[in-house]
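Before any comments, here is the structure.
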Amino acid sequence: ACRFSHVFPVGTAAKPVCSFFARGACRNGDACRFSHVLPGTAPPTAAAAVPAPAPTATPVVVSAADDGAFDDVRKMIEENRRKNEAKRAAQSVRNAEITAAFEGVSVSGPPAPQPPPPPQAAAPAAPAEAPPPVVVSLPAGAPVFSIDVECVASGVQHHDRAVGSIALVDGDAAPKLHLLVRQEGPVASYLTPLTGLTAERCEAEGVPLQEALATLRANLPPAAILVGQNINKDVEWLGLVEGEDYAMQVDLAALLKVWNPRFGKHTYFGQDHYAAAWLGAEAARADGEAHDALTDATVSMRLFRAYTAAQHDA
């Protein structure tokens, strides 16, 4: 037999008992859609909101089964009430601890520890010393040449380039070659403001690339030492092979770099800046003036000669 009541209080709808109300934890109050009337108790009346004399207590007679069910529910409510009170007490203590921590005072015991003082700033490091300059040591009698290449744009990407002109200058800064290359493939732009090259010049004065490279190799001894600003890129465009077409290369950017004590490293400049500093303003290109392979190769050789002369003077 069921130990719960199967009888609903008179005058109320047949609604199931709210399980949260039975545990003392319902938050909906009178708006709850479940019954807040426990078995064996009378439902609240509308007149309860108006103060009235306490009615004479009337004993409620319940069956043995109802009485046992009510005892279980009552014990459940009491147990949940004690748990809720314990939770509220613990939260109150926690809130007090948090407040005390912000005020720098502990709730009990010794004062709260203070944070350690911030570390003192380390003394500024001594500026790095400038490394010694590069000393150029060339084999005795080795032929030195400066080489420069101007390119046209073969496409719209920054690396789409084709050789447009080639210049070769000997160790005395005397011109050896200045060749224009007739373009056999598509040309997106001759980059005239930068290179000084035009379609008309290349068509009228130019030779095929393979012929220009054969002429260059014929004038470049395998023992040659190539110098230039970022010379490796020129060598790459020309397809020259170290140890076969030439002996070694010297990059002027590595020789003429300037030590920056503020940042503890070298600063690199363009060839025009080096030319103005080492050779005088007249050696640098004017603003807006186009490059020219022969002029650039000549300036590169003059810079190399000035550096090696200063090296020996020091």
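The values are calculated or read from the model by the stated rules, or taken from the named source; none is laboratory data. As the structure is a computational prediction, the values presented were derived from the model and not from experiment. Virtual Cβ from ideal backbone geometry, glycine too; neighbours counted across all protein chains shown. Protein only, heavy atoms only, side chains kept; ligands, DNA and RNA dropped before computing areas. Shrake-Rupley method; radii C 1.70, N 1.55, O 1.52, S 1.80 Å.
Structure notes:
- Of all the numbered requirements in (1) open to solvent by less than 70 Å² (accessible area, probe 1.4 Å); (2) part of a helix (DSSP H, G or I); (3) closer than 24 Å to Leu177 by Cβ, Gln311 misses one, and that requirement is (3).
- Here Gly185 meets the list (1) surrounded by fewer than 18 Cβ atoms within 10 Å (Cβ to Cβ); (2) more than 21 Å from Thr298 (Cβ to Cβ); (3) at pLDDT 95 or above almost entirely, failing just condition (3).
- The C-beta contact set for the range 171-188 (first residue closer than 22 Å to Ser154 by Cβ and charged (D, E, K, R), second residue open to solvent by less than 90 Å² (accessible area, probe 1.4 Å) and part of a loop (DSSP other than H, G, I, E, B), distance under 7 angstrom, 6+ apart or interchain) comprises Arg182/Gly206; Arg182/Pro208; Glu184/Pro208.
- Residues (of a type in the set (Ser, Thr, Tyr) and closer than 16 Å to Ala153 by Cα) located in the range 196-237: Thr198
- Among (1) open to solvent by less than 40 Å² (accessible area, probe 1.4 Å); (2) touching a Gly at 6+ places or on another chain (Cβ under 7 Å); (3) over 13 Å from Leu294 (Cβ atoms), the one test that Thr195 misses: (3)
- Being under 18 Å from Ala162 (Cα atoms), assigned to a loop (DSSP other than H, G, I, E, B) and under 45 Å from the mean Cα position of the chain (by Cα) is a description that applies to Glu184.
- The range 79-94 - residue that is without any contact (Cβ under 8 Å) to a residue 12 or more places away in the chain and under 16 Å from Ser19 (Cβ atoms) and, of those, nearest to the chain's Cα centre (by Cα): Lys83
- Gly228 vs. criteria loosely packed, with under 15 Cβ neighbours inside 10 Å and closer than 22 Å to Val144 by Cβ: no
- Check on Arg82, modelled with pLDDT of 80 or more and at negative phi: yes
- None of Ala212, Ala204, Ala223 is free of Cβ contacts under 8 Å to residues at least 60 places away in the same chain and open to solvent by 50 Å² or more (accessible area, probe 1.4 Å) except Ala204.
- Top-ranked residue in the range 230-260 [being more than 22 Å from Asp172 (Cβ to Cβ) and part of a strand (DSSP E or B); ranked as modelled with the highest pLDDT]: Glu242
- Per the conditions (1) of a type in the set (A, V, I, L, M); (2) open to solvent by 60 Å² or more (accessible area, probe 1.4 Å); (3) over 38 Å from the mean Cα position of the chain (by Cα), the sole criterion not satisfied by Ala277 is (3).
- Members of the range 289-303 that are more than 16 Å from Val227 (Cα to Cα) and in contact (Cβ under 8 Å) with a residue 12 or more places away in the chain: Ala290, His291, Asp292
- Considering only residues in the range 22-37 that are part of a helix (DSSP H, G or I) and at pLDDT 75 or above, the one that is nearest to Arg82 (Cα to Cα) turns out to be Gly29.
- Members of the range 154-172 found to be modelled with pLDDT under 95 and aliphatic (A, V, I, L, M), listed by number: Val156
- Residue match in the range 255-262 (condition: touching an Asp or Glu at 6+ places or on another chain (Cβ under 7 Å) and open to solvent by less than 40 Å² (accessible area, probe 1.4 Å)): no
- Residue check for Val227: assigned to a helix (DSSP H, G or I) and of a type in the set (A, V, I, L, M): no
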